[in-house]
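FYI, it's all coordinate maths here, none of it is from the lab. None of these values were measured; they are calculated from a predicted model. Note that each Cβ is placed from the backbone with ideal geometry, even for glycine, and that neighbours are counted across all protein chains shown.
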Amino acid sequence: MTLNADADADPAAGPAPTGPGPALTGTGPAPTRTGPAPTRTGSAPTRTGCAPTRTGPAPTGARPAPTGTGPDPVAGPSSPPAGPARPGAAPSGGYRAVFAVREFRAVFAAHVLSLQGTVVAQIALAVLVFRLTASPLLSALTFALGFVPYAISGTLLAGIADRFPPRRILVVCDLLCAACAVGMVLPGTPIAVLLVLRGLMATVGPVFSGTRAASLADILPGDSFVLGRSLIRIVAQGAQVVGFGVGGLLLIVVSPRGALLLTAAAFLGSALLLRLGTRRRPARGARGRADGGGTGRLLADRRVRSLLLLGWVPPFFAVVPEALAAPYADAAGAGTTGLGLFMAAMPVGMILGESLAGGRLSPAGRGRIAVPLVACTLLPYVVFLLRPSLPWSLAAMFVAGLTCAYTLGVDQWFVDAVPEELRGRAMTVQSAGLMTIQGAGMVAAGAAAEFLPVHLVNGWTGVLGTLCVLVVLRPVRGEPRRHP
């Protein structure tokens, strides 16, 4: 299960990011809201790690007050109760209340369309390249290109998310992806050009997902933001469970180029939904355009830095069993059926865990469970040290997925920590880091498995990963203040 920092699940991204990590929609800051505008005194992912996965508008520099429903989330469960409820934050009505917001319905439908386009493009292009070249390496490269551009574009293009009106950014990104898909459809397109077009589609991914994640808070005030982002992650993981199978069946009916044409149509449909279904809002960071050090300003904040690491470290380790799923299934004699079940176990657990936490718990309850869940999210992997049978392995992956519900609390902590005018940049950095760290985790897992049996790599990942998470978690729990 890869997490796409909203998780996310953006046009042209690679496989939706796995495991933990805040995931990554909509448009930019809104002058009008469903409740009174919060005043501020003065924020991304996400999974494959438990994407992540992963903010309401206000006068510039302002920050909502903490809710009074429970302990301060960053201080951890032992903190004293917070102050009065956040202005403009409606009482949590669960996922039903989120879908009652018209703009979110448009954003959600656009997300489903672009996600379908991404999944179909991954499969269709891999098949097309293999048919044209008979090269497994080049075919695999079409998937790898979904990860590679993230580190570069997420760093160099992060400021775009705050510099232009969010709706314009989202629509332009969808149109660029549609144009790349059309270029792939044209007969006679050289292999090198096909790969370049795939890379260009992935390059806009961090900007799109960061802008969408930041603008979710403008559409969904208060706790609704966390639930909306959770829905984005759930759909991304659901697509991972069934999407590739459906895409494979689609290629039985249509040719790879025909499937890519459907990809272009999906992106165009997403752009149309975003253009007609969401309001135009001004650029979030106009005030700070002269300041080129936005990313440096974010990373200089100890609390933001700690929360970014909390969103990145668990997914780095969480992807290891899935990265080694094929050799593990082979060593266990599980066959292709066992491999499929193994790959699906963690996404299914994540979907169930987030659905239960989002639908049954209050915002304060989700904040209270976040610390213990993230602390033990990698512990189920320790069972691999015992060389368990396939059913026990599936149970371990499923339980690890359940613990990904911690991302609901971490999402809110992050957005509360980031200044309003840097929210888009923060979400873009978080998303890019999440995808990059998951790619690095997969490479590290493969390298370790060259020297150790796969079950030992998986098991020791649980031990070392838990220790690293506890180290990252300590400053987060010890920093009760909010961003000034």
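For the stretch 367-462, the Stokes-Einstein estimate of translational diffusion at 20 °C and a viscosity of 1.002 mPa s comes to 139 µm²/s, using the Kirkwood hydrodynamic radius over alpha-carbon pairs. Here the spin labels are modelled as points 7 Å beyond Cα on the Cα-Cβ line, and at ARG96 and ARG360 they lie 1.7 nm apart.
Computed on the Cα atoms alone, the convex hull of the stretch 293-416 gives a volume of 117 cubic angstrom per residue. Normalised by the number of residues in the stretch 325-484, the average gap of Cα pairs under 8 Å and 6 or more apart makes the relative contact order 32 percent. Using only side-chain charges placed at the Cβ, +1 for Lys and Arg and -1 for Asp and Glu, the dipole size of the stretch 303-382 relative to its Cα centre rounds to 520 debye. Segment THR133..ASP330, full-extension length gain: 68.2 nm, with 0.36 nm per residue of separation and the alpha-carbon distance subtracted.
Annotation: peptides 254-263, 194-203, 382-391, ranked by per-residue average of other Cβ atoms within 10 Å with the highest first, follow the order 194-203, 254-263, 382-391.
Could you tell me which of rounded, prolate or oblate describes the stretch 347-395, using a ≥ b ≥ c as the square roots of the eigenvalues of the alpha-carbon gyration tensor, with rounded for a/c under 1.5 and, failing that, prolate when a/b is larger than b/c and oblate otherwise? In terms of gyration-tensor shape, oblate. Candidates GLY277, ALA331, MET343 compared by Cα position along the dipole of the stretch 269-389: farthest toward the positive end lies GLY277, with charges placed on Cβ. This model, with +1 at the C-beta of Lys and Arg and -1 at the C-beta of Asp and Glu, gives the stretch 342-484 a dipole about its Cα centre of some 320 debye.
Label-to-label distance, VAL253 versus VAL463, with points set 7 angstrom from Cα along the beta-carbon direction: 5.1 nm.
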